[in-house]
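The values are calculated or read from the model by the stated rules, or taken from the named source; none is laboratory data. On a predicted model such as this, the values are computed, not experimentally measured, just so you know. Cβ: placed from backbone, ideal geometry, glycine included. Neighbour counts: every protein chain shown. Accessible surface is based on the protein model in full, side chains and every heavy atom, while ligands, DNA and RNA are left aside. Shrake-Rupley method; radii C 1.70, N 1.55, O 1.52, S 1.80 Å.
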Amino acid sequence: MKGTLKRYVISLITFSVALFSVTASANTLDKIKGEGTVTIGVANEVPYGYTTPDGEPAGEAPSIAVQVLNDLGVDNVKVVVTEFGSLIPGLRAGRFDVIAAGMYITPKRCKQILFSNPTYSIGEGFLVQNGNPKELKGYDNIDAKSVKLGVMSGSVEYGYARDFGIDLSKIVTLPDYPSGVAALKSGRIDALAGTSLTMASLAQKDDRVELAQPFTPLMIKGKSVKGYGGFGFRPADTALRDAFNTELKGFIDTKEHIAMVEPYGFGKHTSPGEMTAKKLCQ
């Protein structure tokens, strides 16, 4: 009897804590509006989401986030920088309120967090040493025994490589893209995988590496792989996600939006069109 009562009390406490957490999280929109302050999480990945030397938010996602949050009446936008693989755990743990890192919307991630509708769409690319000594122009070139492919921890590229059929022994996981560039230059890896936009941006910063061109568009199981990026929210923050989507609907693809993201390499050519998070989560 005592054991049964003890289990009942523990269950009641656990339920109460969970209920409190859900209620608290559900009030995030009201909370940030009332305080006028919100915290966004980025992974310092140019040009998607990063901070300037003086700590200001920059990149496609943070720029849009600041605009949307300001329109929602939240003027003070703080930034937390973390590794990409720590973004979802950090959001769920309450380290920040919104993931503003240009994160791809995937069914797996949709099981962990909520997503806004996408703000851009883009394809994949490789960063290689100058001259592309291994002649790597797509995922199908990674079959060679001597080739190693670098991917960022927590990124969709790991799943792409696995689903494409590349042996896991050929995949090297790295904490961030600066580490990936260093691994590429040292010969630890032969190619670094990421979006074509990110790879082109990294190539512009280092004269020892370049974007692999031409690049064979990635196809998995007969389907073209194209990533769509959006903002992430805690599972209970439907009110905040919905308010975000409402603002995005009237902003994405406007002249103001295009002018805002063009300095980061985005524009009409990266428009998400009519794609929605609901479709991508399926």
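Could you look at the chain and say what percent of its accessible area is carbon and sulfur, using a 1.4 Å probe and all protein chains? Can you show the working numbers first?
On the way: 7480 of 14010 Å².
It is 53 percent, rounded to a whole number.
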**Complete:** Checked against the structure, the computed Rg/Rh (Cα atoms, Kirkwood Rh) among (1) 1.05; (2) 1.03; (3) 1.00 is the one labelled (2)
**Prompt:** Under a plain spin-label model, where a point goes 7 Å from the Cα along Cα-to-Cβ, how far apart in nm are Asn130 and Ala239?
**Reply:** 5.7
**Asked** Looking only at the stretch 96-130, which residues have a backbone nitrogen under 15 Å from a spot 7 Å from the Cα of Lys278 in the C-beta direction?
**Response** 115-118
**Complete:** Residues of the stretch 158-190 with backbone N under 19 Å of the label point set 7 Å from the Cα of Asp140 along Cα→Cβ are 160-167
**Asked** Residues of the chain: accessible area per residue at 1.4 Å, in Å²?
**Response** 50
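Near Ala93, within a Cβ-to-Cβ distance under 15 Å, what is the net charge of the other residues, with Lys and Arg +1 and Asp and Glu -1? Intermediate results must be reported in sequence, preceding the final value.
Values: positive: Arg92, Arg95, Arg234; negative: Glu83, Asp97, Asp237.
Local net charge: 0.
Kyte-Doolittle mean at least 0.0 and Cα extent at least 18 Å along the axis: which DSSP H helices of the chain qualify?
2-26
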**Fill in**
Any aspartates and glutamates whose Cα falls less than 18 Å from that of Lys78, other than same-chain ones fewer than 8 residues away, would be Asp30, Glu35, Glu45, Asp54, Glu56, Glu60, Asp97
**Message:** Just to confirm a number: summing +1 for Lys and Arg and -1 for Asp and Glu over residues other than Ser196 whose beta-carbon lies under 11 angstrom from that of Ser196, what do you get?
**Reply:** 0
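Placing unit charges on C-beta atoms (Lys and Arg positive, Asp and Glu negative, everything else neutral), compute the dipole magnitude of the chain about its Cα centre in debye, rounded to 20. It would help to have the intermediate numbers written out before the result.
Working: 31 positive and 29 negative charges, 279 e Å.
Dipole size: approximately 1340 debye.
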**Asked** What area, in nm² and to one decimal, does the C-alpha convex hull of the stretch 155-282 cast on average over all directions?
**Response** 10.1
**Charge-dipole axis of the chain as Lys and Arg at +1 and Asp and Glu at -1 on Cβ define it, positive-most pick from Phe215, Leu168, Gly123** = Leu168
**Item:** Lys33 paired with Thr216, simple spin-label distance in nm, labels 7 Å along Cα-to-beta-carbon
**Value:** 5.2
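Put Val66, Val151 in order of accessible area, largest first, 1.4 Å probe: what do you get?
Numbers: Val66 40, Val151 0 Å².
Ranked from most to least accessible, the order is Val66, Val151.
Estimate the FRET efficiency between Lys185 and His269 by the formula 1/(1 + (r/R0)^6), using the beta-carbon distance for r and 35 Å for R0, to the nearest 0.05. Mind dumping the intermediate values first?
On the way: r = 30 Å, r/R0 = 0.85.
The value I calculate is 0.70.
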